[in-house]
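The next block holds one structure in the form of structure tokens; read it before the comments.
The values are calculated or read from the model by the stated rules, or taken from the named source; none is laboratory data. Quick caveat: nothing in here was measured; it's all calculated off a predicted structure. FYI the Cβ positions are ideal-geometry reconstructions off the backbone, even for glycines, and counts take in every protein chain you see. Accessible surface is based on the protein model in full, side chains and every heavy atom, while ligands, DNA and RNA are left aside. Shrake-Rupley method; radii C 1.70, N 1.55, O 1.52, S 1.80 Å.
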Amino acid sequence: MHSSNKSKADIMKIVSIWGIIWLFAAHINAQNDFQVSKSGELSVSLKWETFITRISFDLSSHEYKGMVEGTNTILAPSEEAWFDVEEEGKEVRIFSGVSSFDVPWCCEVSAWGDRLEINFAALFPPKDYGQEATHSRLKIYVPVNQLVGCDLEYMQGRVCCSNKKVQGRLTGEETSSETPIYPQARYIQFSGVRDLFFDMCPNGAGDFTGTAPITGYKGHIERDGDHYVFIIPTYRVRWGGKVVNKIVIRNGRYNMDDIHPVHRYHYTWPMPSLMRFAFTDTMPPEGFGSIRVKGWNSKFTTCDTQTYRDGQGYGWVNSGNLHMARADEVFREKMGSLLSEGIRGNGPATFRFRHPDARVITTLVFSGAEGKDYDITVSVNHSKPVNATVIKGEKCTVLMPAVIREGKVDVSISGEGWMLSGIIPTLIMGLEEDYQYDRNWWVAGKEPWKFKAFIEKARWKRWPDGYFCDAKWNY
């Protein structure tokens, strides 16, 4: 009798432990807007309603048109080919397999807060996959009843050619066709019936630090029966290669300019600057910003000793002893207007300006227009201080990497008799586009094939080790 009671107590203890685990998992899920399926086909719910019924990946001869039905599907997850990864506050599930083309693939689906992220990778061994396999396509199926009646606005076109915003509405009366209802959408804001932000170009227009050689950066919306299909194509897979796709879906309404500071970039252009500051009380320097696109057409804003105000968005918060300074005509003719004027300071001072959250390289231009040689110490947003010497009659340019959070930049300067002529922040990436410094490309923190539970690990040996390694930001 005593032994029986002890067994019952042990059983109740085990049940209680599993109950606590279940309640904890349910609590995490309750905090997340999206929920990822644990059985059957890979699917996702939004607020516990079915939102994505299927995710697939196929080969195609065209961005829009598929091959013969049933012959080209690569991603077809089974119940046995998935596992969970523990990440605090995040629901992360990884699916994997090998297609009939002998192409290994993996798909990471994760949900936290108001965010759903789908990451996909496929490794095409080198061979000729045929003329009908020049493209690959990640396809996400959303029931029509989830989006019908939504208004939408999206950025259309290739990142090097267009920054055009297109507006429309999903009526539910669209016909099934391989011609997109809305083509070449980089990111889409749905509003009205549902507020959702679909981002098919999460790295941003520049993708200055791209993770993979074959990456999708735009999508198309098609109608297929009772589903809207979001198609993210990639190119040049006929002879093999590494394919990576990422789509980020946020539940809510967002300003796409906050997520992506610039919407267009061409490989022949310099890096973008959203603003430029010249310290002068006369005319600002000209000849900058000849490209008429946001991020490249920023003229200089002229500043003097004014105190920082939120409404204005720039000024001095710790001014010390500041006054305007101007060089003589000989120096002006030699160095130009930007370096011939500036703020003269003695002791420490801090200049603040508003800027979208981003990683930037801040260019600080100091002038030796008058006085004598002087030493300076500068930092940006409390980064490591940098020391420099400005030579009389010369210029000194200091480049400072900086991370901008909460929309502000503090440029701190100390020294005696310094003269600051200009500040130019050059954009590397918006913080929402950062999948290298603040976090890994994969939500799980490393490549899926690095986990013990991953199947067919040997097939991924062609993928270089550390390909998705976190970059280091040492400032």
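The table below lists the values:
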{"quantity": "Evaluation of ILE413 against (1) closer than 30 Å to PHE279 by Cβ; (2) open to solvent by 20 Å² or more (accessible area, probe 1.4 Å); (3) among the aliphatic types (A, V, I, L, M) (one fails), failing number", "calculated": "(2)"}
{"quantity": "Matching residues in segment 372-400 - criterion: being of a type in the set (Gly, Ala, Ser), surrounded by 17 or more Cβ atoms within 10 Å (Cβ to Cβ) and over 30 Å from PRO202 (Cβ atoms)", "calculated": "SER379"}
{"quantity": "Given (1) aromatic (Phe, Trp, Tyr); (2) crowded, with 21+ Cβ neighbours inside 10 Å; (3) touching a Leu at 6+ places or on another chain (Cβ under 9 Å), index of the condition TYR187 fails", "calculated": "(3)"}
{"quantity": "Enumeration of residues in segment 85-132 that are touching a Pro at 6+ places or on another chain (Cβ under 8 Å), part of a strand (DSSP E or B) and open to solvent by less than 30 Å² (accessible area, probe 1.4 Å)", "calculated": "ILE94, PHE95, SER96, GLY97, CYS106, CYS107, GLU108, ALA121, ALA122, LEU123"}
{"quantity": "Residues of segment 133-180 classified as more than 20 Å from CYS201 (Cβ to Cβ), open to solvent by 60 Å² or more (accessible area, probe 1.4 Å) and assigned to a strand (DSSP E or B), total", "calculated": "1"}
{"quantity": "Condition met for HIS227 (open to solvent by 20 Å² or more (accessible area, probe 1.4 Å), over 19 Å from the mean Cα position of the chain (by Cα) and modelled with pLDDT of 85 or more)", "calculated": "yes"}
{"quantity": "Which numbered condition LEU427 misses (of (1) assigned to a loop (DSSP other than H, G, I, E, B); (2) at pLDDT 90 or above; (3) of a type outside the set (Lys, Arg))", "calculated": "(1)"}
{"quantity": "Pair list, Cβ < 7 Å and 6+ apart or interchain, from segment 156-174 residues that are closer than 15 Å to HIS260 by Cβ and modelled with pLDDT under 90 to residues that are β-branched (Val, Ile, Thr) and open to solvent by less than 80 Å² (accessible area, probe 1.4 Å)", "calculated": "GLN156/VAL166; ASN163/VAL293"}
{"quantity": "Residue check, PRO261 at pLDDT 80 or above, farther than 26 Å from PRO348 by Cβ, part of a strand (DSSP E or B) and open to solvent by less than 10 Å² (accessible area, probe 1.4 Å)", "calculated": "no"}
{"quantity": "So ARG292, is it open to solvent by 50 Å² or more (accessible area, probe 1.4 Å) and either among the aliphatic types (A, V, I, L, M) or at pLDDT below 75 (or both)", "calculated": "yes"}
{"quantity": "Segment 359-403, residues that are within 23 Å of the chain's Cα centre (by Cα) and on the phi > 0 side of the Ramachandran plot", "calculated": "ASN381"}
{"quantity": "Qualifying residue in segment 358-371 (condition: within 18 Å of SER273 (Cβ to Cβ) and surrounded by fewer than 17 Cβ atoms within 10 Å (Cβ to Cβ))", "calculated": "yes"}
{"quantity": "Pick from segment 317-357, criterion of a type in the set (Val, Ile, Thr) and more than 35 Å from the chain's Cα centre (by Cα), ranking: surrounded by the fewest Cβ atoms within 10 Å (Cβ to Cβ)", "calculated": "VAL330"}
{"quantity": "Residues of segment 439-462 classified as surrounded by 14 or more Cβ atoms within 10 Å (Cβ to Cβ), charged (D, E, K, R) and in a loop (DSSP other than H, G, I, E, B), total", "calculated": "3"}
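This table checks each residue for (1) at pLDDT below 90; (2) under 30 Å from ALA325 (Cβ atoms); (3) out of contact with any Phe, Trp or Tyr (no Cβ under 8 Å at 6 or more places or on another chain).
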| residue | (1), (2), (3) |
| --- | --- |
| MET400 | no, yes, no |
| SER421 | no, yes, no |
| GLN436 | yes, no, yes |
| PRO448 | no, no, no |
| ALA453 | yes, no, no |
| ARG459 | yes, no, yes |
| ARG462 | yes, no, yes |
